[in-house]
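**Q** Take this structure first; my questions come after.
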Amino acid sequence: MDIIKLPLSALRKPERNMRMHPEAQIREYCRSIEKNGQLKPLVIDENNVIWIGNGLFEALTRCGYTEAYCLVKAGMTEADKKKMMMADNKIFDLGVDDISTFDAFIAELKDDLDIPGYDEEILQSMVSDVEEVTAA
């Protein structure tokens, strides 16, 4: 599959999206885009309708970007498109964080905890709590 770059103005949201994108999520998406760029493509059909990545699309638009990387998935039925959207959202939700790895990452990154999606003050307090426990 090829990833192409398209103007955001050429892309369309689907008539219905099962995932809502609250302001806090879009804000954190913007932080991530500013730090790292667009890390994954939007998945669109041959009519430039976005089936996966609507929150990312909103953030790119809000952040002033004019283009996005897109993966075109052509030839799908409307039912297949809806199933793909549903599966993408649900499969992500089935993942579980490995707390010990998370804790290790936070300890390793303790000098720079500016991580999109996380509250830096809360992460810093977690590092402080771990340091207090290990010092005792």
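**Q** Taking only Cα atoms and a 10 Å spring cutoff, compute GNM fluctuations for the chain and point out the largest among LEU94, LEU39, LEU123.
**A** LEU94
**Q** Still on this model: Give me the distance in nm between label points sitting 7 Å out from Cα along the Cα-to-Cβ direction at ASP111 and SER9, one decimal.
**A** 4.6
**Q** Tell me what the chain gives for mean residue ellipticity at 222 nm when only DSSP H runs of n ≥ 4 count, each as -39,500 (n - 2.57), the sum divided by the residue total, rounded to 500 deg cm²/dmol.
**A** Theoretical 222 nm ellipticity from helices: -15000 deg cm²/dmol.
**Q** With angles folded into 0 to 90 degrees, how steeply does helix 99-108 sit against the dominant principal axis of the chain? Use alpha carbons for both and round to 10.
**A** 70
**Q** So what is the relative contact order for region 1-63, in percent, with contacts set as C-alpha pairs under 8 Å and at least six apart?
**A** 41
**Q** Roughly how many nanometres apart are two label points built 7 Å out from the Cα toward the Cβ at GLU46 and MET86?
**A** With each label point 7 Å from Cα toward Cβ, the separation is 2.4 nm.
**Q** Another question, then. What percent do you get for the relative contact order of the chain when only Cα pairs under 8 Å and 6+ apart count?
**A** Computed over the chain, the figure is 28 percent.
**Q** When the chain is modelled as a GNM with alpha-carbon springs shorter than 10 Å, which of ILE33, ILE44, ILE99 fluctuates the most?
**A** The residue with the greatest mean-square fluctuation here is ILE99.
**Q** Take the chain, connect every pair of alpha-carbon atoms lying under 10 Å apart with a spring to form a Gaussian network, then pick out the residue of GLN124, GLN38, GLN25 with the largest mean-square fluctuation.
**A** With Cα springs under 10 Å in the chain, the top fluctuation among GLN124, GLN38, GLN25 is at GLN124.
**Q** Can you tell me how much longer the chain between GLU34 and SER125 gets when fully stretched, taken as 0.36 nm per residue apart minus their C-alpha distance, in nm with one decimal?
**A** 30.2 nm
**Q** Separate question: Antiparallel versus total DSSP beta bridges in the chain: what percent is that, nearest 5?
**A** Working: 7 of 11 bridges.
Around 65 percent of the beta bridges assigned by DSSP in the chain are antiparallel ones.
**Q** On average, how much accessible surface per residue is there in the chain, in Å², for a 1.4 Å probe, leaving out ligands, DNA and RNA?
**A** Accessible surface, normalised per residue, equals 68 Å².
**Q** What does region 9-95 give for Rg and for Dmax, in Å, if only its C-alpha atoms count?
**A** Rg, Dmax (Cα atoms, Å): 12.8, 36.
**Q** With the full set of protein chains in place, find how many percent of the accessible area of region 19-90 is carbon and sulfur; take the probe as 1.4 Å.
**A** The nonpolar share, carbon plus sulfur, comes to 55 percent.
The values are calculated or read from the model by the stated rules, or taken from the named source; none is laboratory data. Only a predicted model underlies this, so the values are computations on that prediction, with no experimental measurement involved. As a convention, Cβ positions derive from the backbone with ideal geometry for all residues, glycine included, and neighbour counts pool all protein chains shown. For the accessible areas, the whole protein counts, side chains as well, though only heavy atoms, and no ligand, DNA or RNA atoms are used. Shrake-Rupley method; radii C 1.70, N 1.55, O 1.52, S 1.80 Å.
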